[in-house]
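The values are calculated or read from the model by the stated rules, or taken from the named source; none is laboratory data. Nothing here was measured: the structure is a model prediction, and the numbers come from that model. Here the Cβ is made from the backbone with ideal geometry for all residues, glycine too, and neighbour counts use every protein chain on show. The protein model used for the area step is the full one, side chains on, heavy atoms only, and it has no ligands, DNA or RNA in it. Shrake-Rupley method; radii C 1.70, N 1.55, O 1.52, S 1.80 Å.
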Amino acid sequence: MHDTFHRFAQRTSAAVGSPWAFAAALAAIAVWALIGPTVGFSNTWQLVINTGTTIVTFLIVFLIQNTQNRESRAIQLKLDELILASSASNEAVDLENISDARAAELLDQFHQLAKRISPS
């Protein structure tokens, strides 16, 4: 189930981000706007676009979040691999799981190190 959803989320995210999807959305809005005068700009006419966009937005948020989570995890794994393969401090591996206070300490240490390394 997870793999099926991941594939679906990736394909849908790519499709939604395409120029064709933008064109289709623009065409749907144009059709909706053109129908307005024929139905007297009724409440139902307005409800159709409001409901449609709300449902689509609600579903797309989950698909985009899934795609972002996977990409973030992949980037994190790649960075961890680079750290482990280099002479960098292994303390940087798994930084996404440390406390905010520890992250602030490390940031300060990195700034101090950068000041010592770079000529001012």
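Scanning the stretch 5-14 for residues that are surrounded by 12 or more Cβ atoms within 10 Å (Cβ to Cβ) and hydrophobic (A, V, I, L, M, F, W, C) returns F5, F8, A9. Counting only residues that are open to solvent by less than 100 Å² (accessible area, probe 1.4 Å) and either on the phi > 0 side of the Ramachandran plot or part of a helix (DSSP H, G or I) (or both), the stretch 85-100 holds 7 of them. Scan the stretch 58-107 for residues that are within 30 Å of D3 (Cβ to Cβ) and not aliphatic (A, V, I, L, M) and the total you get is 18. When A114, A33, A103, A74 are checked against the criterion of being open to solvent by less than 60 Å² (accessible area, probe 1.4 Å), at pLDDT 90 or above and assigned to a helix (DSSP H, G or I), A33 stands alone in meeting it.
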